[in-house]
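Any read-out appearing in this document is the output of simple, stated calculations on the displayed coordinates, not a laboratory observation. Keep in mind that this is a model prediction, so the values were computed, not measured. Heads up, the Cβs are rebuilt from the backbone with ideal geometry, glycines too, and the neighbour counts pull from every protein chain shown.
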Amino acid sequence: MATYLTTTPTLLQRIRDCQAVVVLRERTLESVTTDHEAREARPLGTFRATPAEVLKGDDEGALTIRMPGAGSAEQAEQPEQAEQVAWRLAPQDERAQVAFLVRESRTSWVPYFSSVFPLDGETVLLSEEVEDDRPGEAGALDLAGLRALITRAAEEAREQQTKLWEAEPEIAARTRPHPVLESPEAPAPGATSAEPDTADPGGASAAPERAEPPELPEAPEE
């Protein structure tokens, strides 16, 4: 079962739902193709980058990251125009960037809801569409604050899982992380919340497997 988001996730939701957060200082654009699976054809770039720091997830060395750019499909198909495409992972931008990633496959990643933010020194420059929902916090977000938020999110996830094991061990044993889909093709009618669907954690509400009846001993021969 997938988790469908029908509104733009907040900062804390991005931290919780992404699988990796990395600091990238150098990026290389390896190829540009056309993404025909989107509602409108758009350029799709494949980047190669080695994280300077891994804030969440495992350090896997060099990463392959794919993400769309702002431009026409014709620009993706013509190499001489590919440089005119605007990329959030812009190789020519000398600033370091923070990327919130989810796996696309075993060998590639994609930014979660285009979550690639430049760094101004130690300050994360969040884009305007990101709602900063840090409780009791105001002002800029620096790398130290981001590390603290990631640690707190991990601790809260462990606490929730521990409570689930204590209350419903059978459900906890079947719980699996939900893939989060950025562009659901068929969102639930009337759904407006960006909160993940918790009514069915990991398929927990599905009917449990029917237990086989115990085998009865054979009657003794007369």
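Packing around the peptides 90-96, 28-34, taken as the average count of other Cβ atoms within 10 Å per residue, puts them in this order, highest first: 28-34, 90-96.
Estimated from the Cβ-Cβ distance and a Förster radius of 41 angstrom, the FRET efficiency linking Gln19 and Ala41 is about 0.90.
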